[in-house]
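Accompanying notes for the structure given below.
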Amino acid sequence: MDFEYSPKVKDLQSRITAFLDEHVYPAERVFAEEVRANRAAGNPWVATKIVEELKEKGKAAGLWNLFLPESSRGAGLTNLEYAPLAELMGRSLIASEAFNCSAPDTGNMEVLERYGTEAHKEQWLKPLLAGEIRSGFAMTEPAVASSDATNISGRIVRDGDEYVINGRKWWTSGANDPRCKILIFMGKTDPENANHHKQQSMILVPIDAPGVTVLRSLPVFGYDDAPHGHAEILFENVRVPVSNLLLGEGRGFEIAQGRLGPGRIHHCMRCIGMAERALELMCKRAMSRVAFHKTLAEQGVTRERIAEARILIDQARFLTLNAAWKMDVAGNKVAAKEIAMIKVAAPSMALQVLDWAIQVHGAAGVSDDFPLAYAYAQIRTLRFADGPDEVHRNAIAKQELGQYVPAKR
């Protein structure tokens, strides 16, 4: 395997870095102020002008839809080529959207590209790729332990040429956003099937369909993440055409694995980017602050943490690049163990680096004057999102133990 970045990737890295410096970092405070003003006016769920301006600039710069491997609709990048670019986007919590590369839209667009009909692509994928609308992924449920997705109890029942959908979902990221127009709903079409992984299906549900009610926004460590947010949604006798079903009845888990593999690695790439920025802020702070007659950078404990942060970041990066390479050469299914490994390693690494960076900043580190506290809250959720650590560790262990099971004769 060769992790040397190609000239094409190096060019994109340079252009994205310049875009972040010129446009994104200066926009972070403007974004926060705009959301704060909208909240004070009584409605934080309003698309911000600054992010819409960033999207237009990103599109004009040719830095648009860089994800979506194996598709002519994207930039034609492999997972390995996209990895360092997503890492750069992860340095800012508003950067990915500027390039139309933010979750959950990237995963949903990959689902539509891989499993959607031409009609689905025309109606939903096309405006998503243009950045005109956003989407949500309605999978997790409050009434069951959704870490075991076979528990999901939402129902999709056929009635003539329609499906009737009932269920309660939560942590549907983006559903509070007024730009969110389409949801991918996972529920049971065949709850009696002896194969628990054939009971589930996925179906497209317009968020304005009768019977869809966004009940509330769910804050994360006190942050409402407006205007994106995370919603609890009630589906009551929602009717959609049979043609809205993706791939076929009983194929929900197949779609989920196709969606969550790339989604997981994208999260890890962004984690590495945020950890790099935290380390950068940590070093600058340590060199500029004096305590007990020495800069913090001269204190042994600070140097030890800086060194350990560099080791942890590079370890996570190489694990992630290895997973991306294996996805490209062998497919997402074969790379399942490598994907699980980085999904455990990268968020934990980023949280540790952020924690050390916060500590160096003192009380300022937990304020909104720096991006560290908000980033910590965001990344802590990734130890749940797309499968909790425990599920991934279990999958890794099963594969390891499988090597020592005696062959049947």
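Quick rundown of the values:
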item	result
Meets criteria (crowded, with 19+ Cβ neighbours inside 10 Å, touching a Phe, Trp or Tyr at 6+ places or on another chain (Cβ under 7 Å) and either assigned to a helix (DSSP H, G or I) or not assigned by TED's automatic domain parsing to the domain that holds ALA385 (or both)) for ARG317	no
Breaking point among (1) surrounded by fewer than 24 Cβ atoms within 10 Å (Cβ to Cβ); (2) within 22 Å of LEU20 (Cβ to Cβ); (3) modelled with pLDDT under 95, for ASN79	(1)
Residue count for segment 233-257, restricted to those that are surrounded by fewer than 19 Cβ atoms within 10 Å (Cβ to Cβ), part of a helix (DSSP H, G or I) and among the small types (Gly, Ala, Ser)	1
For LEU85: the one exception among (1) touching a Lys or Arg at 6+ places or on another chain (Cβ under 9 Å); (2) under 24 Å from ARG134 (Cβ atoms)	(1)
Candidates ALA297, ALA278, filtered to the one that is part of a helix (DSSP H, G or I) and free of Cβ contacts under 8 Å to residues at least 60 places away in the same chain	ALA297
Residue in segment 258-290 that is surrounded by the fewest Cβ atoms within 10 Å (Cβ to Cβ), counting only those that are at pLDDT below 95 and of a type in the set (Gly, Ala, Ser)	GLY258
Restricting segment 332-358 to residues that are without any contact (Cβ under 8 Å) to a residue 24 or more places away in the chain and surrounded by fewer than 20 Cβ atoms within 10 Å (Cβ to Cβ), the residue that is nearest to PHE318 (Cα to Cα)	VAL334
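The values are calculated or read from the model by the stated rules, or taken from the named source; none is laboratory data. This one's a predicted model, so the numbers in the text were calculated from it and none came from an experiment. Positions of Cβ are generated from backbone atoms using ideal geometry, with glycine treated the same way; all protein chains shown enter the neighbour counts.
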